[in-house]
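Notes follow once the structure below has been shown.
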């Protein structure tokens, strides 16, 4: 297992500096996060390819955002997040396929996104329609030689597994966000591996607390300060044969974010060494 970090895409030549910065921090792997379809140009692809070659960085996955509103709570989130809301589904299907085509230009095979609050009830009329949409997107990625990864959070592990079974394609996978399953009150990441472990292809390594009310998500924290049992998590990942990336995500900004990321890197590398 290798420790990486999230890098947010910006427009233009300054993107190269972001790769330089993470190398100076001791990283050689990252997920590239992008919420702006207008950035997915041939010019930006060339800038990124040149930068990763120059600095020796591996982009392990492309995190593909989508257009339209997004509200990260249990109420408005049901109506605004991912491909589940019918109102935004068609446009966001195009966002994902366009983002995948951009990622292909970078040589990136894994494309990640939040898909929304997948209905827990398999008889919910919206469940089948959602699965049809996912199948269409996944087929496009399959033609590109790519995987479509669901970032965990809004859905239970069982609902996610059921979706994969219904869609029935072999290029579906999981980006396990270790905190999101807790922040949304859906699972804990160690036990979630019993359900979705075979599909995990990347991780967002993050920490946090369970929700304390029925409206708002739980609170994200620095690694080691929340409810994620990282020693058990790393040991369990090794047990199931996972040997991929552990991509640090810290959802704050500024100097404190950098300090927390660097401390998290040391924390994770120690745990990896103890389980080697």
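All of the numbers you see were taken from the coordinates with simple rules; none came from a lab. Given the structure is predicted, the values throughout are model-derived calculations rather than measurements. With ideal geometry, Cβ positions are generated from the backbone for all residues, glycine too; neighbour counts draw on all protein chains shown.
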- Task: With both partners inside the chain, how many of the DSSP beta bridges are antiparallel, as a percent to the nearest 5?
- Result: 10 percent
- What does segment 1-114 give for Rg and for Dmax, in Å, if only its C-alpha atoms count? 15.0, 45
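Within 10 Å of each residue's Cβ, count the other Cβ atoms and sort 221, 247 from fewest upward.
Ranking 221, 247 by Cβ neighbours within 10 Å, fewest first, gives 221, 247.
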- Multiply the residue gap between residue 194 and residue 210 by 0.36 nm, knock off their C-alpha separation, and tell me the result in nm, one decimal place. 3.8 nm
- Extension gain residue 257-residue 28, at 0.36 nm per residue separation less the Cα-Cα distance, in nm? 80.6 nm
- Message: Restricting to Cα pairs below 8 Å that are 6+ residues apart, what does the relative contact order work out to for the chain? Please round to a whole percent.
- Response: 17 percent
- Note on the structure: Nearest-0.05 FRET efficiency for residue 17 and residue 272 at R0 = 35 Å, using Cβ-Cβ distance, is 0.80
- Message: Per-residue counts of other Cβ atoms within 10 Å, averaged by peptide: what ranking do you get for 52-59, 3-10, highest first?
- Response: 3-10, 52-59
- Task: In Å³ and rounded to a whole number, note down the convex hull volume per residue for the Cα atoms of segment 2-274.
- Result: 121 Å³
- Query: Hey, got the Cα dimensions of segment 223-276 along the principal axes, in Å, largest first?
  - Reply: 36, 20, 16
- Item | Footprinting exposure proxy for 120, 14, 155 (fewest neighbouring C-beta atoms within 10 Å first) | 14, 120, 155
- Message: Taking just the alpha carbons, could you work out the radius of gyration and Dmax for segment 115-270, both in angstroms?
- Response: 16.1, 48
- Share of pairwise Cα separations in segment 187-230, more than 14 Å, in percent: 57 percent
